[in-house]
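K.L.:
Quick one: structure below, then a few questions.
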Amino acid sequence: MTKIRKAVFPVGGLGTRFLPATKAMPKEMLPVVDKPLIQYAVEEAQAAGIEHFIFVTGHNKTAIEDHFDANPALEKLLAKENKFDLLKFLQDSTFDSGKISYTRQSEPKGLGHAVWCARDLIGDEPFAVLLPDDIFHCKTPCLKQLVEAYNQVGGNIVAINDVPREQTNRYGILSVESDDGVLVKANGMVEKPAPEKAPSTCAISGRYILSPEVLDELNHQKAGIKGEIQLTDAMAATLDRVSFHGVRFEGTRFDCGNKIGFLMANIEYALDRPDLSEEFRQALKNLKL
Ligand code: UTP
């Protein structure tokens, strides 16, 4: 199986659900506890063996580029003040030169279009896609679980979770051919179907391993539901020649693109932090909900 070396991070969206916070700041830089959403996704990709990181950016997104760049003045200051723990945080989020590429989506025309914008940087090899507004609290990083499944069955692989039927109109939904409890083989998929029309309740969440055939399809994809070029439509169009599996990942997904998911992620991650959990747990108890 070809090694998955490259990952695409689509960060060209407008983040309207988080206005006014996202008026001048990228949604992907919103912090969960003290780390921006995008960094959770990047660290997950690193843990899955990704070697090259491709960001599809747009207006107002330069803070992301600065975040992953070195900041020599700040590093010097922290070293001088012996703040080596903080210095390590800075260095952890600094990429080696040449490991990261940026391309731009001139207009947010949808997720499929954002991925297509990275086509020349991806080339002719399978690649990962990570949506940074989904973060996954997992023992084995979610993308690593997908890579393990990819090494067994190849083809296109997505992370899935079961959602209540009334929520199918928020997700790409699989039509299931077989299901062993973890690995689901799909023979169809549809983006945001109404609950009564959904072929199942297996919802695609924001981690993908995709074959180059999906990029070929994106070359001539037209706008789908909501007037956007949908990644799901391009994936569905490859079903006749590329196998498609969903992986029911082990762990919890937080949809940080919506406010409740974002708030819950902050609570869960803070409770999991040795330096914060005790004091934070007490503070939550004091709320007397
Ligand atoms: P979302 O649809 O959740 O993000 O896309 P959004 O459009 O920015 O948010 P709202 O709905 O207006 O609040 C998921 C990911 O895909 C990226 C977004 O930046 C986000 O990281 N995306 C989306 C693009 O890069 N380009 C697009 O055209 C659409």
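The values are calculated or read from the model by the stated rules, or taken from the named source; none is laboratory data. Worth saying up front: this structure is predicted, and the values here are computed from it rather than measured. Glycine also receives a Cβ, built like all others from the backbone with ideal geometry; neighbour counts cover every protein chain displayed. Heavy atoms of the whole protein, side chains included, go into the accessibility calculation; ligands, DNA and RNA do not. Shrake-Rupley method; radii C 1.70, N 1.55, O 1.52, S 1.80 Å.
K.L.:
Just to be sure I understand the filter: pairs with C-beta atoms under 9 Å, separated by 6 or more residues or on different chains, first member in the stretch 265-289 and over 11 Å from VAL33 (Cα atoms) and part of a helix (DSSP H, G or I), second member among the basic types (Lys, Arg) and open to solvent by less than 100 Å² (accessible area, probe 1.4 Å). Which pairs pass?
P.N.:
Hits for this filter: PHE280/ARG273.
K.L.:
Take the conditions in contact with a Pro (Cβ under 6 Å, 6 or more places away or on another chain) and closer than 24 Å to SER243 by Cβ and apply them to SER200. Does it pass?
P.N.:
It is false that SER200 is in contact with a Pro (Cβ under 6 Å, 6 or more places away or on another chain) and closer than 24 Å to SER243 by Cβ.
K.L.:
So in the stretch 214-239, with the set limited to residues that are part of a helix (DSSP H, G or I) and among the β-branched types (Val, Ile, Thr), which one is surrounded by the fewest Cβ atoms within 10 Å (Cβ to Cβ)?
P.N.:
Selected residue: ILE225.
One line per residue, one yes/no per condition, for (1) touching a strand residue (DSSP E or B) at 6+ places or on another chain (Cβ under 8 Å); (2) within 13 Å of the ligand (Cβ to nearest atom); (3) in a helix (DSSP H, G or I):
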| residue | (1), (2), (3) |
| --- | --- |
| LYS3 | no, no, no |
| PHE9 | yes, yes, no |
| LEU14 | no, yes, no |
| THR22 | no, yes, no |
| GLU28 | yes, yes, yes |
| TYR40 | yes, yes, yes |
| GLU44 | yes, no, yes |
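K.L.:
Follow-up question, since we're still on this one. Which condition breaks for PRO195 when tested against (1) within 18 Å of ILE135 (Cβ to Cβ); (2) touching a Lys or Arg at 6+ places or on another chain (Cβ under 6 Å)?
P.N.:
All conditions are met except number (1).
K.L.:
Shifting gears a bit: In the stretch 18-66, which residue that is at negative phi and among the small types (Gly, Ala, Ser) is surrounded by the fewest Cβ atoms within 10 Å (Cβ to Cβ)? First the steps, then the outcome.
P.N.:
Step one: filter the stretch 18-66 for residues at negative phi, giving 18-32, 34-48, 50-59, 61-66.
From what's left, among the small types (Gly, Ala, Ser): 21, 24, 41, 45, 47-48, 58, 63.
On the way: ALA21: 13, ALA24: 8, ALA41: 26, ALA45: 25, ALA47: 15, ALA48: 22, GLY58: 18, ALA63: 14.
Across the stretch 18-66, the extreme among qualifying residues is ALA24.
K.L.:
A further question follows. Taking the criterion of being in a helix (DSSP H, G or I) and open to solvent by less than 30 Å² (accessible area, probe 1.4 Å), would at least one residue in the stretch 206-213 satisfy it?
P.N.:
Scanning the stretch 206-213 turns up at least one residue that is in a helix (DSSP H, G or I) and open to solvent by less than 30 Å² (accessible area, probe 1.4 Å).
K.L.:
Right, here's the next one. Can you pull out the strands (runs of 3 or more DSSP E) entirely within the stretch 80-188 that have at least 2 residues that are within 16 Å of the ligand (Cβ to nearest atom)?
P.N.:
100-104, 127-130, 134-137, 156-162
K.L.:
Taking VAL242 as the residue in question, decide whether it is surrounded by fewer than 19 Cβ atoms within 10 Å (Cβ to Cβ), modelled with pLDDT of 95 or more and touching a Ser or Thr at 6+ places or on another chain (Cβ under 9 Å).
P.N.:
Values: surrounded by fewer than 19 Cβ atoms within 10 Å (Cβ to Cβ): yes; modelled with pLDDT of 95 or more: yes; touching a Ser or Thr at 6+ places or on another chain (Cβ under 9 Å): yes.
Criteria met by VAL242.
K.L.:
Here is a further query. When you scan the stretch 72-92, do you find a residue that is polar (S, T, N, Q) and either under 24 Å from GLU268 (Cα atoms) or surrounded by 15 or more Cβ atoms within 10 Å (Cβ to Cβ) (or both), even just one?
P.N.:
No - not one qualifying residue is present in the stretch 72-92.
K.L.:
Go through the stretch 245-264 and give me each residue that's open to solvent by 20 Å² or more (accessible area, probe 1.4 Å), part of a loop (DSSP other than H, G, I, E, B) and at pLDDT 95 or above.
P.N.:
PHE249, GLU250, GLY251
K.L.:
Are any residues in the stretch 60-77 in contact with a Lys or Arg (Cβ under 9 Å, 6 or more places away or on another chain) and away from the ligand (no atom under 16 Å from the Cβ), and if so, which ones?
P.N.:
LEU77
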